[in-house]
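Student: One structure coming up, written as structure tokens, with questions to follow.
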Amino acid sequence: MSPPPDVIGTLLVGPELFPALSSDVPARRDARSIEARTNRTWPVFRVRETQPVTIRTIPSNDGAFVALVDRITGDESFASPEALTRRLRRLFPRALVRDRALSGEGPVWYVYRDGSWRPDVNGPWWTQAGLPRLVVDDGGRLVDANHLALGLLGLTGDDLPIAAVELVAPGTLPDATALFGIVRRGHELNATVLLAPRGGEVIAVDLRAQRDGRGVVGVFRLASDVDVQVVGETVGAAGISWHGRGKVPTLETHPVEDVVFRQYASELLASLGDATPERLELALRRLYPHTRVRRIDGDGPWQVIREAGPDEASVHWWRDESLPRIRYDMRGLILEANAPASRFLGRDELVGHHWQEFVTPNATDDVGPVLEIIRRTGVAISRFRMPTGDGDLVEFDSYTTADGDTLTTVMRPV
């Protein structure tokens, strides 16, 4: 039998399991014995003097996540699974810790990186063409990124290089720094994390990162169905949801004339179930990147603002014939497009393609519900953004009318 693992603070770590950390954290021996029933293949820490807790991390093959959980539970103590959940959600908004004590065994906490076990039914999503990609060098500087990554992060090519820490969510700097070091040492990362684009709002992204000859290379996409805890930022009423109260909150959306935004926000709220203002906010930012959600007063309505600034006056800007104009059916198939539309979107061929081909990656599933809302309302004024043929993000006001089974959208660049 191999010798017992070293004790690092309150966490037991076998160096054969975490070789990346064995040289970084000074080990010390703990004279207290650990019960024989403890599973030595997993990290263990004590909630109380007589209660060792085994940690099982899911997925177990994400070396970077496992090592970060190891570091956090080694440096800090947690009285309950909920406490560890709150700590991990500073950086991993889907993280969930469950106590799964079995008869005749000591307590075991399952740390789910994504909130539950998830099969990879679509294969590696990060191999998809057209996704945002970036490179961070060993000094922690963002040195390269494609057009779409720059746009989502609120940057331009002239901003590079930039310290990557400038883009981490409030309150996550120590964890983000530790995670970067773990990936830099050779662990691959595949997780949902929070980012703070320059001049924008916190967003949740699915991130795949690994080391190669250039440094740490990351591929990401906008995430969906996440809950979030942002430290140091007041977003709605953190941790307060309407689930179980028997009444869905009323939404006050701005601008008031954007019927699509109001209806989409209402339907999205209903689909989220146990929703909080911050969770609705993150979900809306997949289509509306500047959204802010506020609880107005106690159990009162939630204020949902599409972007900062006063509501726009109802001027008939869409009557300008020189503006980009596209006609398409309810499936999103583009039937007609004028020359200004092709120039604005940077695509020579629009007719015969679908809207879903041109939206931000991972937002394609949102197109159908939005088109259905527009069909029901008949006329809609809203604001969206999408990548051009070169990958640059463009933002535009849209005026859309429904005529039977076809829709016509006029776009005004913002």
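The values are calculated or read from the model by the stated rules, or taken from the named source; none is laboratory data. In this text the structure is predicted, and so the values were computed from the model without any measurement. Reconstructed Cβ throughout: ideal geometry from the backbone, glycine too, with neighbour counts over all protein chains shown. Accessible surface is based on the protein model in full, side chains and every heavy atom, while ligands, DNA and RNA are left aside. Shrake-Rupley method; radii C 1.70, N 1.55, O 1.52, S 1.80 Å.
Student: Out of (1) assigned to a loop (DSSP other than H, G, I, E, B); (2) open to solvent by less than 10 Å² (accessible area, probe 1.4 Å); (3) within 26 Å of Tyr399 (Cβ to Cβ); (4) not acidic (Asp, Glu), the odd one out for Val293 is which?
Tutor: In the conditions (1) assigned to a loop (DSSP other than H, G, I, E, B); (2) open to solvent by less than 10 Å² (accessible area, probe 1.4 Å); (3) within 26 Å of Tyr399 (Cβ to Cβ); (4) not acidic (Asp, Glu), Val293 misses (1) alone.
Listed here are the residues, each with its yes/no results for (1) open to solvent by less than 40 Å² (accessible area, probe 1.4 Å); (2) touching a residue at least 40 places away in the same chain (Cβ under 8 Å); (3) not hydrophobic (A, V, I, L, M, F, W, C).
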site: Tyr328; (1), (2), (3): yes, yes, yes
site: His353; (1), (2), (3): no, no, yes
site: Glu357; (1), (2), (3): no, no, yes
site: Thr364; (1), (2), (3): no, no, yes
site: Val370; (1), (2), (3): yes, yes, no
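Student: Working only within segment 332-343, note down all residues that are surrounded by fewer than 19 Cβ atoms within 10 Å (Cβ to Cβ) and touching a residue at least 40 places away in the same chain (Cβ under 8 Å).
Tutor: Passing the criteria: only Leu335.
Student: Looking only at residues in segment 71-85 that are assigned to a helix (DSSP H, G or I) and either touching a Cys at 6+ places or on another chain (Cβ under 7 Å) or under 15 Å from Pro174 (Cβ atoms) (or both), which one is most open to solvent (accessible area, probe 1.4 Å)?
Tutor: The residue in question is Asp75.
Student: Would you call Asp390 open to solvent by 50 Å² or more (accessible area, probe 1.4 Å) and touching a residue at least 60 places away in the same chain (Cβ under 8 Å)?
Tutor: Criteria met by Asp390.
Student: Hey, another quick one. Residues that are within 21 Å of Thr253 (Cα to Cα): find the strands (runs of 3 or more DSSP E) completely inside segment 334-414 holding 3 or more of those.
Tutor: Counting at least 3 such residues, we get 379-387, 393-403.
Student: Please name all residue pairs, on different chains or six or more residues apart, with Cβ atoms under 7 Å, provided the first residue is in segment 191-214 and is within 19 Å of Ala163 (Cβ to Cβ) and open to solvent by 40 Å² or more (accessible area, probe 1.4 Å) and the second residue is part of a strand (DSSP E or B) and modelled with pLDDT of 90 or more.
Tutor: Every condition considered, the pairs that remain are Arg214/Val135.
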